[in-house]
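The structure appears below as structure tokens.
The values are calculated or read from the model by the stated rules, or taken from the named source; none is laboratory data. Quick caveat: nothing in here was measured; it's all calculated off a predicted structure. Here Cβ is always computed from backbone atoms with ideal geometry, including for glycine, and neighbour counts include all displayed protein chains. Accessible surface areas use protein heavy atoms only, side chains included; no ligands, DNA or RNA. Shrake-Rupley method; radii C 1.70, N 1.55, O 1.52, S 1.80 Å.
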Amino acid sequence: MIDFVVDLAEARSHILNIRMKFESKSNEEIITMPVWAPGSYMVRDFSRHISHINAEKGEIQQIDKKSYKVKGEEIIINYSIYAEELSVQTSYSDEDFVLINGSSVFFYVEGRKEEKYRVKIINSPHRHISTSMNKENEFYFMENYDDFIDTPILLHDGLSKSFDLDGKKHYVSIVGNFNRNFDEFVNEVEKIVK
């Protein structure tokens, strides 16, 4: 299991502070920031958004632009992501909302993408967390890395409502001005989804 904690204390300054923690299986692992985003067929350079990285527990050494060798039995890595690029591939944060697209924020451990990946959000000034990830206590999770990064997280104070259809929960969230009746809008979305 690979755990992340995303600290939003500096979100209004476009900074996401992340703590990655996992037990090493071989006392030496490689962590890598992806160069792809789900649904996009271009090579991306998400590692350019890392403003600092260090090992709280274990050792860390940069191998290339996107990868680091980490050593130790228990690995704890702290890093910051500058999140001021609002697009479908990147992440964004300010005082109004935070959008986390996993491939632009979360490392994976090479050879361990099929493990459970979890994230906990702390110091959020927002009321709503909208995501289709599973929830386990204070952690949101997916059973593997590819699903984990293909499931965005939106934190906001806007409008939010969910509905169930065929045993699956669907969320509708609006951030910013919305000049319609939100309940009617959600009912229309539900009809389209059916």
- Query: Mind listing the phi-derived Karplus ³J(HN,Hα) values for segment 131-145, rounded to whole Hz, using 6.51, -1.76 and 1.60 with θ = phi - 60°, and x for any glycine or proline?
  - Reply: 7, 9, 5, 6, 10, 9, 6, 8, 9, 9, 8, 9, 6, 7, 5
- Message: Sort 155-163, 176-184 by the packing proxy (mean of other Cβ within 10 Å over each peptide's residues), most packed first.
- Response: 155-163, 176-184
- Item | Contour minus Cα-Cα distance for Asn134 and Phe163 (0.36 nm per residue) | 8.9 nm
- Is the shape of segment 3-72 best called rounded, prolate or oblate, per the rule: a/c under 1.5 gives rounded, else a/b larger than b/c gives prolate, else oblate, with a ≥ b ≥ c the square roots of the Cα gyration tensor eigenvalues? oblate
- Between Ile192 and Lys25, what length in nm is gained on full extension when 0.36 nm per residue of separation is reduced by their alpha carbon distance? 55.5 nm
- Note on the structure: Cα convex hull volume per residue for segment 50-141, in Å³, equals 140 Å³
- Query: What part of the accessible area of segment 56-113, given as a whole %, is carbon or sulfur when the probe is 1.4 angstrom?
  - Reply: 43 percent
- Query: Taking 0.36 nm per intervening residue step and subtracting the Cα-Cα distance, what contour gain separates Ser13 from Trp36 on full extension?
  - Reply: 5.7 nm
- Note on the structure: Note on the chain: contact order normalised by length, alpha-carbon pairs under 8 Å, 6 or more apart, percent, works out to 21 percent
- Using a 1.4 angstrom probe, figure out how much accessible area segment 40-135 has per residue, in square angstrom, rounded to the nearest whole. 51 Å²
- Computed for the chain: size of charge dipole around the Cα centre, +1 on C-beta of each Lys and Arg, -1 on C-beta of each Asp and Glu, debye to nearest 20, value 120 debye
- Message: What does the C-alpha gyration tensor say about the overall shape of segment 1-44? Classify as rounded when a/c is under 1.5, otherwise prolate if a/b is larger than b/c, or oblate.
- Response: oblate
- Query: Going by a ≥ b ≥ c, the root eigenvalues of the Cα gyration tensor, does segment 113-194 fall in the rounded group (a/c under 1.5), the prolate group (a/b larger than b/c) or the oblate group?
  - Reply: oblate
- Query: Charges only on Cβ, +1 for Lys and Arg, -1 for Asp and Glu: so what's the dipole of segment 100-172 about the Cα centre, in debye to the nearest 20?
  - Reply: 280 debye
- Message: What does DSSP give for the chain in terms of the percent of beta bridges that are antiparallel, rounded to the nearest 5?
- Response: 90 percent
- Query: Given Lys69/Lys169; Lys21/Lys161; Lys161/Lys194; Lys25/Lys57, which pairs have Cα atoms separated by over 27 Å?
  - Reply: Lys69/Lys169; Lys21/Lys161
- For Glu114 and Leu86, FRET efficiency with R0 = 30 Å and r from the beta-carbon atoms, rounded to 0.05? 0.45
- Message: To test your reading of the geometry: what angle, between 0 and 90 degrees and rounded to tens, separates the Cα axis of helix 182-193 from the longest principal axis of the chain?
- Response: 70 degrees
